[in-house]
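Here is the structure we will look at.
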Amino acid sequence: MKIPFLDLQAQYQPLRAEIGEAIQKVLDTSSYILGPSVLAFEKDFAAACGTTEAIGVNSGTTALQLALLAAGVGPGSEVILPAMTFIATASAVDYTGAQSVPVDVDPVTYTMDPAAIEAAITERTKVIMPVHLYGQPADMDPILEIARRHGLVVIEDAAQAHAATYKGRPCGSLGDMAGFSFYPGKNLGAYGEGGAITTSNPEFTQTIRTLRDWGQTERYHHALRGFNARMDGIQGGVLGVKLKHLAAWTRGRQRAAEGYGQRLAGLADGLPQSRVAGDHVFHIYALMVSDRTAFMAHLIKNEVACAIHYPVPVHLQPCFAGWGYAPGAFPVAESIAQREVSLPMFPELTDAQLDRVAEVVLNAPGL
Ligand SMILES: *Cc1c(COP(=O)(O)O)cnc(C)c1O
């Protein structure tokens, strides 16, 4: 039995007609960019996130970049972010001209370690940007408390955490703003690029809506140095249909994760763990192993797809060599980068597929 890493067709096929209709409607009204489908999705997505606003944009990276700009981040500012994340978190900071200041992550949850933040704060710090890595909310209460005490803005990188909750509150509503990605493989994926910023702050909303549309306040009157960052009408239509199924898909991912947990219980320390009550939405099912090369070779040989998220922490990426960090700077992030293997994870994983993955994993060397 061959097990894929994710199966986008399994999700598309049952929705084929409904999604076709939503796309047709956009074509029939020529509302290719923004328009009614995007407005409707923004309204529904804000409601799902427990915010007053959602602003649709053309990618998750842009969502973070515009949120940073709205917070006043620019050349001379510093933004604190975790050393273990996808490159986009740091690239969004880089695009504003500001400096990323990485901190280490927690060894149990792999998200930003609140205890590491205060030592990284300087007079230039403007924003703390925690990442809900793999779909698990960062420990937001201590992060928010530190931010309030130092007058800093908190922007959640929620690109992997649609519908995740922290102590009962939805991700996207925890900080001052949040950036979501609708890259096709994300928990809520468009059929192309897409992203959104969620916030309940009217000033940030106004700035971001202006920035995403060339900084226009009236047509051809450009108050801000803006961007072409609008969401496509077709993506709004697709996302509007798919959002209605997100809760069921999230339960599917959680059921699959629970299934792995039962079958792989003997690997205790290597399995995903949490510290606070909330919903991990398992964008990634991250397993920690000791000899990844041997382990992955065994999975590949047995046709169980797997991946690494991420092999190099941001502070050691060649493109950010200018930050000046050497190996050893953030030992927890570096250890995750060496040990992490992502197992197949999608809502439609069957018990038979879970059985097969577990069987291959438990027989693998390098655990
Ligand atoms: C996917 C992702 C992004 C970027 O989103 P895009 O839509 O691909 O631009 C940002 N941060 C994290 C943690 C991500 O996983």
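The values are calculated or read from the model by the stated rules, or taken from the named source; none is laboratory data. It should be emphasised that the depicted structure is a prediction, and the values quoted were computed from it without experimental measurement. As a convention, Cβ positions derive from the backbone with ideal geometry for all residues, glycine included, and neighbour counts pool all protein chains shown. Side chains included, ligands, DNA and RNA excluded: accessible areas come from the protein's heavy atoms. Shrake-Rupley method; radii C 1.70, N 1.55, O 1.52, S 1.80 Å.
Taking the condition of being on the phi > 0 side of the Ramachandran plot and open to solvent by 70 Å² or more (accessible area, probe 1.4 Å), how many residues in the range 212-251 meet it? Steps first, please.
So in the range 212-251, the residues on the phi > 0 side of the Ramachandran plot come out as 214-215, 220.
Subsequent filtering for residues that are open to solvent by 70 Å² or more (accessible area, probe 1.4 Å) retains 214, 220.
Within the range 212-251, residues that are on the phi > 0 side of the Ramachandran plot and open to solvent by 70 Å² or more (accessible area, probe 1.4 Å) number 2.
Out of A22, A48, A67, report the one residue that is closer than 16 Å to T205 by Cα and of a type outside the set (S, T, N, Q). Quick ask: steps written out before the conclusion?
Values: A22 fails: closer than 16 Å to T205 by Cα; A48 fails: closer than 16 Å to T205 by Cα.
Selected residue: A67, the only one of A22, A48, A67 that is closer than 16 Å to T205 by Cα and of a type outside the set (S, T, N, Q).
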Original post:
When you look at T217, is it touching a residue at least 40 places away in the same chain (Cβ under 8 Å) and among the polar types (S, T, N, Q), yes or no?
Top reply: no
Original post:
Can you pull out the residues in the range 66-97 that are more than 14 Å from the ligand (Cβ to nearest atom), closer than 19 Å to G151 by Cα and in contact with a helix residue (DSSP H, G or I) (Cβ under 7 Å, 6 or more places away or on another chain)?
Top reply: L69, A70, V73, G74, I80
Original post:
Taking into account only those residues within the range 252-274 that are among the small types (G, A, S), over 22 Å from D7 (Cβ atoms) and assigned to a helix (DSSP H, G or I), which is most open to solvent (accessible area, probe 1.4 Å)?
Top reply: G266
Subject >> Checklist (1) of a type outside the set (A, V, I, L, M); (2) crowded, with 16+ Cβ neighbours inside 10 Å; (3) in a helix (DSSP H, G or I) applied to H283, failing item >> reply: (3)
Subject >> Matching entry among D113, D94 (being modelled with pLDDT of 95 or more, of a type outside the set (A, V, I, L, M, F, W, C) and buried (at least 21 other Cβ atoms within 10 Å of the Cβ)) >> reply: D113
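Identify the residue in the range 110-126 that is polar (S, T, N, Q) and over 20 Å from P311 (Cβ atoms) and, among all such residues, is nearest to the ligand (Cβ to nearest atom). Step through it out loud before you land on a result.
Narrowing the range 110-126 to residues polar (S, T, N, Q): 111, 122, 125.
Narrowing the set further to residues that are over 20 Å from P311 (Cβ atoms) leaves 122, 125.
Values: T122: 24, T125: 20 Å.
So the residue we want is T125.
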